[in-house]
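Asks: Can you read through this structure? Questions will come right after.
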Amino acid sequence: MASFLMVASGILCLTGALASKGRPAIVAAVVMVLAMIDLAYTAIVPTVVWSGALLLAGICLAVFLRSSSRVPSPRRSPALVTSGPGGASVSRDEGKVRSPIAPDRHSSQGSHQGPTAAVLSAITYPVMAWQVLNHGAHMSGSAHAGGHAAGGHGHHAGDISLISTFLTVGVVVLAVLLVICAVHDIARRRPLVSLDCWGMAAMIVVMQFLH
């Protein structure tokens, strides 16, 4: 059941990325889907490789967001200004001051992800990378756990438990924020785009508590 939910969540993320029409998000979602299919059913690629791929995908998304945020806003082109009678400069857009605002308002209601959802998606990929690596270490440890004594490791186990609790709380908080972004996308009439956040939230919850 958990394996099916992992793959289904990845497909939801890919659908939302396709709806948002963002190439970096689409590439990252494809990597995620392939990783979930292999981890759940085929186990061809080592988990450490998928963990590195997901971490790299998150870093690339973060770099893309940072570079896109530095792009300056477009200004009025000089070609729109013509010389009127008497040599006075007259703008072709005179009397239409609010017209440049309309495309921005329209694009904000378009198919692209909001900045908060994009940032949360970029954060989610390193979280998934840690979950995949932790899952692989857990499976490897359980396979070699037979016949080993457990004495003298109480303090170390307590430290690991504290770190695991902290990371679990972080996963829950991140999942709640993703759900809020998904609901916000639905309220703005972008149900397909919201599938990315729904899938991300479901993915990290399933991997943290069910797989």
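Asks: Just to be sure I understand the filter: pairs with C-beta atoms under 6 Å, separated by 6 or more residues or on different chains, first member in the range 123-137 and under 17 Å from V172 (Cα atoms), second member hydroxyl-bearing (S, T, Y) and modelled with pLDDT of 90 or more. Which pairs pass?
Replies: A129/S51; V132/T47; V132/S51
Asks: Answer yes or no as to whether V205 is touching a residue at least 24 places away in the same chain (Cβ under 8 Å), more than 22 Å from W130 (Cβ to Cβ) and within 15 Å of the chain's Cα centre (by Cα).
Replies: no
Asks: From the list A29, A57, which one is part of a helix (DSSP H, G or I), of a type outside the set (F, W, Y), surrounded by 15 or more Cβ atoms within 10 Å (Cβ to Cβ) and touching a Cys at 6+ places or on another chain (Cβ under 6 Å)?
Replies: Checking each option against the conditions leaves just A29.
Asks: With the condition kept exactly as written, say whether any residue in the range 30-53 is within 17 Å of L178 (Cβ to Cβ) and modelled with pLDDT under 90.
Replies: no
Asks: How many of the residues in the range 178-199 are part of a helix (DSSP H, G or I) and buried (at least 18 other Cβ atoms within 10 Å of the Cβ)?
Replies: Of the residues in that region, 11 qualify.
The values are calculated or read from the model by the stated rules, or taken from the named source; none is laboratory data. None of these values were measured; they are calculated from a predicted model. Backbone-built Cβ (ideal geometry, glycine too); neighbour counts: all protein chains shown.
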